[in-house]
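*Asks:* Please read through the structure below; I'll follow up with questions.
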Amino acid sequence: KTEHQRKPDWLKIKLNTNEDYKGLKKLMRENNLHTVCEEARCPNIHECWGSRRTATFMILGAVCTRACRFCAVKTGLPNELDLAEPERVADSVVIMNLKHVVVTAVARDDLKDGGSEIFAETIRAIRRKNPFTTIEVLPSDMGGIEQNIQNIMDAKPDILNHNIETVRRLTPRVRARAKYDRSLELLRRAKEMQPTIPTKSSLMLGLGETHEEILEVMDDLRANNVDIMTIGQYLQPTKKHLPVQKYYSPAEFGELRKIAMSKGFSHCEAGPLVRSSYHADEQVNAAAKQ
Ligand code: SF4
Ligand code: SF4
């Protein structure tokens with residue numbers, strides 16, 4: 001490894017396990033539910049599941065039909081569709097007493113509706129059982145199909161999040177099948193369908209992007225009326241995934257956050273451990289105050 005690829009100290013986090021957390025993990029297994037928090041071994045899990053009372057569920061099974069080169073989710077033949085999943089997610093939100101829930105999913109290119117109907121049903125089920133929990137959805141690009149986006153927006157999530165992930169030039173190398181412009185289009189259309197629902201997108205850094213390219217992403221998101229941006233450090237999940245080209249310092253993230261805010265985002269989280277769903281509860285509040 002070269003010097004710049006060695007993991008800096010600010011990324012070395014020690015996980016401690018407490019009883020609460022073990023109980024929640026057991027609940028997930030018993031209900032056959034999957035969270036990104038666990039599967040991505042997210043370093044923020046204790047803070048999120050503990051004091052912040054937020055979690056990210058991954059619906060539509062645990063196997064993705066795509067294989068993005070930064071992502072640790074299993075890929076291959078998808079699971080059979082589980083029509084009871086929305087209710088089980090909603091029940092878990094009750095048990096976990098969540099203030100904010102993020103619902104994401106593997107890409108289901110095998111389904112005509114891209115899984116959008118189950119997405120919508122999950123939003124409705126959570127809302128019925130947890131009227132005070134804010135709901136953020138983080139779908140794939142849904143194949144760019146208008147009706148699929150409409151299905152999700154009709155269920156009125158509190159935030160529509162769709163990740164741009166990386167800069168335009170690196171998109172074909174980093175994201176399987178996804179297209180930079182299709183992601184922008186989804187964000188733009190979602191806003192047109194429900195203008196009062198904030199939209200959000202995340203960028204990972206450390207894949208070889210230039211400073212100018214980062215600024216271009218900010219401008220493209222703003223040009224498509226995206227309200228909230230998060231910027232985090234890419235970490236290589238296994239040796240088979242893309243290597244990290246650069247670790248950005250907390251100060252560099254701070255600078256990028258300032259630039260993003262100057263471009264008109266209502267909220268921007270930027271930092272080495274920032275994930276798409278990190279501190280999402282604060283973003284809903286920020287968006288609501290607008
Ligand atoms: Fe889960 Fe997101 Fe929190 Fe990580 S930042 S623990 S993925 S809710
Ligand atoms: Fe991972 Fe999403 Fe890509 Fe599937 S589409 S491999 S879940 S990033």
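Taken together, the values in this text are just the output of simple stated rules run on the coordinates, not laboratory data. Quick caveat, the model's predicted, so the values are computed rather than measured. All Cβ positions, glycine included, derive from the backbone under ideal geometry; neighbour counts span all protein chains shown.
*Asks:* Strictly greater than 14 Å: what percent of every Cα pair in the range 107-149 meets that?
*Replies:* Every Cα pair in the range 107-149 considered, those over 14 Å come to 48 percent.
*Asks:* Who wins for biggest fluctuation among Ile123, Ile95, Ile214 in a Gaussian network model of the chain, springs between alpha carbons below 10 Å?
*Replies:* Ile95
*Asks:* Could you list His211, His267, His162 in order of exposure, starting from the residue whose Cβ has the fewest other Cβ atoms within 10 Å?
*Replies:* In increasing order of surrounding Cβ atoms, one gets His211, His267, His162.
*Asks:* So what does log10 I(q)/I(0) come out to for the range 171-290 at q = 0.12, 0.14, 0.18, 0.24 Å⁻¹, using the Debye formula with one equal point on every Cα and no solvent?
*Replies:* -0.44, -0.60, -1.00, -1.57
*Asks:* Okay, next question. Report the Cα centroid-to-centroid distance between the range 174-245 and the range 30-101 in angstrom, as an integer.
*Replies:* Each part's Cα centre sits 21 Å from the other's.
*Asks:* Let me ask something additional. In deg cm²/dmol, rounded to 500, what helix-only [θ] at 222 nm does the chain give when every DSSP H run of at least 4 residues adds -39500 (n - 2.57) and the total is split over its residues?
*Replies:* About -10500 deg cm²/dmol.
*Asks:* Next up: Going by C-beta contacts inside 10 Å, put Glu146, Glu252 in order with the fewest on the left.
*Replies:* With the sparsest Cβ surroundings first, the list reads Glu146, Glu252.
*Asks:* Please sort 45-51, 269-275 by packing, taking for each peptide the average over its residues of neighbouring beta carbons within 10 angstrom, highest first.
*Replies:* 269-275, 45-51
*Asks:* Okay, moving on. Using only the Cα atoms of the range 85-159, what do you get for the radius of gyration and for Dmax, in Å?
*Replies:* Here Rg and the maximum Cα pair distance are 11.9, 35 Å.
*Asks:* For the pair Gln147/Asn31, report the inter-label distance in nm, with labels modelled 7 Å from Cα in the Cβ direction.
*Replies:* 3.1 nm
*Asks:* Please state the shape class of the range 54-110: rounded when a/c is under 1.5, otherwise prolate if a/b exceeds b/c and oblate if not, all from the C-alpha gyration tensor.
*Replies:* Oblate shape, in that a/c is at least 1.5 and b/c is the bigger or equal ratio.
*Asks:* Additional query: Past 26 Å, Cα to Cα, is the threshold; run Lys25/Lys99; Lys74/Lys179; Lys179/Lys200; Lys26/Lys191; Lys200/Lys258; Lys99/Lys191 against it and keep the listed order.
*Replies:* Lys26/Lys191
*Asks:* When the scattering of the chain is computed by the Debye formula from its Cα atoms alone, each counted once and equally, what is log10 I(q)/I(0) at q = 0.11, 0.12, 0.16 Å⁻¹?
*Replies:* The computed values of log10 I(q)/I(0) come out as -0.60, -0.73, -1.42.
*Asks:* Also, quick follow-up: Hey, rough spin-label estimate for Glu185 and Val63, points 7 angstrom out along Cα→Cβ, what's it come to in nanometres?
*Replies:* In this crude spin-label approximation the distance works out to 3.0 nm.
*Asks:* Hey, in the GNM for the chain with a 10 angstrom Cα cutoff, which one of Ala260, Ala55, Ala72 fluctuates hardest?
*Replies:* Sorting by GNM fluctuation, first place goes to Ala72.
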